[in-house]
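Have a look at the structure below before the remarks.
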Amino acid sequence: MTFALGQGTGPLQGLKVVEIAGIGPSPHACMILADLGADVIRIERPGGQMLTGGSHDLLNRGRPSVALNLKDPEAVATVLDLVEQADVLVEGMRPGVAERLGFGPEECHARNPRLVYGRMTGWGQDGPWSQAAGHDMNYIAITGTLHGLGQVKDKPQFPTNLVGDFGGGSTYLVIGILAAVFEAKASGKGQVVDAAIVDGTANLNAMTSAFLAGGGFKEERAANLLDGGAPYYDIYETADGEHMSVGALEPQFYELFVELLGIKDTAPDRWDVAKTDELRDLITATFKQKTRDEWCAIFDGTDACVAPVLRMSEAPDHPHIKGREIFVEHEGLVQPQPAPRFSRTKATLSHPPASGAGAHTRAALAAWGVKDVDGLVERGAAVQLEE
């Protein structure tokens, strides 16, 4: 297999990124960068690591996999050679690990002062817990975000790892990288982007902070406008055991909702707090009279703000999802398209995920101009996966 630089079709075409492979948010951030046209080279440990890898791992799409033994000085020297010609480096190690290995910010900026050094952690580069292990639910727990999630009053419900790892993590890492790249074009100087999931999650939850500051927010689940406390913003079961989502907040949308649901003449005043349970019971009983598909036919394309709750396997076949081609089949895998969309510099899917760590070591290093790649492999500093 061969690789050529500058083949991306999105607005980040020409941006060169060195990715030190991690798990969760850092590969997701690099997937986004690659989706949008950046040339990303993914540096992995020989043999890969837990929870990642394989030709189905969509977080690794769009970039080649190079296996380097980062305990070998030659491998570290290779990373620094790549850094010298890169715009960005991304790493998701515990604070201090990159420095101990020999490619921390000081070493990298000595080789490339314009480099944007992106660091992805849960707790951040400093603070009392910066050296502690953690995972998504731990990070969102101490920001106050987890406490209010879910409609079960006696226990918070965590939404897999979407809110922390990807909402507060990779999304903010990408924002930080692009902001620093923009600034570097003017100043000629790179910098370190300290992207911490606790920081991003707190920022992501700013609206709740505003509600709390305003005095109208109850710190309990299913007690507020957007957490299931309102009957017209909730999820309801249908006759076939499926569910419909209802978000009829605004008066005009609510009026259409009760009309199409068939309860316009019997529904109590939605502003009467004493009748909230009565309204919820009526909506619940009514939704159970028809199947999800029957309700879909009634609400389809209307302003009632009602949509079916689909499984992941069902989503690609929804008419709107299909109409916008949000999911496509590429290289044998059904997967989401790059997002967002651009009118002129359209982003398209490129390389499928590597079959394993080091699947593209020789080709990718050669494309980036690394010398004596065969020698690196022969001496064990680099590993080429044999297929």
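Among the residues of region 308-315, is any in contact (Cβ under 8 Å) with a residue 12 or more places away in the chain and more than 30 Å from ASP57 (Cα to Cα)?
Scanning region 308-315 turns up no residue that is in contact (Cβ under 8 Å) with a residue 12 or more places away in the chain and more than 30 Å from ASP57 (Cα to Cα).
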Problem - Which listed residue is of a type outside the set (Lys, Arg), buried (at least 24 other Cβ atoms within 10 Å of the Cβ) and touching a helix residue (DSSP H, G or I) at 6+ places or on another chain (Cβ under 6 Å), from LEU33, LEU59, LEU82, LEU68 - result: LEU68
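In region 231-249, which residues are touching a residue at least 12 places away in the same chain (Cβ under 8 Å) and part of a loop (DSSP other than H, G, I, E, B)?
PRO231, TYR232, THR238, ALA239, ASP240, GLU242, ALA248, LEU249
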Exercise for the section: Could you please let me know if GLY301 is on the phi < 0 side of the Ramachandran plot and either crowded, with 18+ Cβ neighbours inside 10 Å or within 30 Å of the chain's Cα centre (by Cα) (or both)? Expected result: no
Exercise for the section: Taking the residues in region 187-218 that are surrounded by fewer than 16 Cβ atoms within 10 Å (Cβ to Cβ) and closer than 30 Å to LYS16 by Cβ as candidates, determine which candidate is nearest to the chain's Cα centre (by Cα). Expected result: ASN203
Exercise for the section: Identify all residues within region 172-208 that are touching a residue at least 60 places away in the same chain (Cβ under 8 Å) and hydroxyl-bearing (Ser, Thr, Tyr); write none if there are none. Expected result: THR201, THR208
Handout entry: Test result for ILE23, under 16 Å from the mean Cα position of the chain (by Cα), surrounded by fewer than 18 Cβ atoms within 10 Å (Cβ to Cβ) and either of a type in the set (Phe, Trp, Tyr) or in the same structural domain as VAL181 (by TED's automatic domain parsing) (or both)
Key = yes
Fill in the blank from the handout: Within region 148-171, the count of residues that are farther than 17 Å from MET31 by Cα, free of Cβ contacts under 8 Å to residues at least 60 places away in the same chain and of a type in the set (A, V, I, L, M, F, W, C) comes to 2
Practice task
Would you tally the residues in region 368-387 being surrounded by 16 or more Cβ atoms within 10 Å (Cβ to Cβ) and modelled with pLDDT of 95 or more?
Solution key: 9
Handout entry: Residues located in region 326-336, provided they are under 14 Å from THR9 (Cβ atoms) and in contact (Cβ under 8 Å) with a residue 24 or more places away in the chain
Key = none
Handout entry: Test: residue in region 339-347 that is of a type in the set (Ser, Thr, Tyr), over 26 Å from LEU51 (Cβ atoms) and within 20 Å of the chain's Cα centre (by Cα)
Key = no
Exercise for the section: Would you list the strands (runs of 3 or more DSSP E) that sit entirely within region 42-144 and hold 3 or more residues that are hydrophobic (A, V, I, L, M, F, W, C)? Expected result: 65-68, 88-91
Exercise for the section: Please indicate, with yes or no, whether at least one residue in region 188-203 is among the hydroxyl-bearing types (Ser, Thr, Tyr) and out of contact with any Phe, Trp or Tyr (no Cβ under 8 Å at 6 or more places or on another chain). Expected result: no
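Here's the yes/no breakdown for (1) of a type in the set (A, V, I, L, M, F, W, C); (2) in contact with a Lys or Arg (Cβ under 9 Å, 6 or more places away or on another chain); (3) crowded, with 24+ Cβ neighbours inside 10 Å; (4) modelled with pLDDT of 95 or more:
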residue	(1), (2), (3), (4)
ASP72	no, yes, no, yes
THR78	no, no, yes, yes
ASP87	no, yes, no, yes
VAL90	yes, yes, yes, yes
MET93	yes, yes, no, yes
ARG114	no, yes, no, yes
GLY118	no, no, yes, yes
Exercise for the section: Mind telling me which of the residues TRP295, TRP271 ends up being crowded, with 19+ Cβ neighbours inside 10 Å and either under 29 Å from THR121 (Cα atoms) or not assigned by TED's automatic domain parsing to the domain that holds ASP154 (or both)? Expected result: TRP295
Practice task
Inspect all residues belonging to region 310-328 and state whether any of them is farther than 30 Å from PRO251 by Cα, in contact with a helix residue (DSSP H, G or I) (Cβ under 9 Å, 6 or more places away or on another chain) and hydroxyl-bearing (Ser, Thr, Tyr).
Solution key: no
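The values are calculated or read from the model by the stated rules, or taken from the named source; none is laboratory data. Computed from a prediction, not measured in an experiment: that's the story for all the values here. Here the Cβ is made from the backbone with ideal geometry for all residues, glycine too, and neighbour counts use every protein chain on show.
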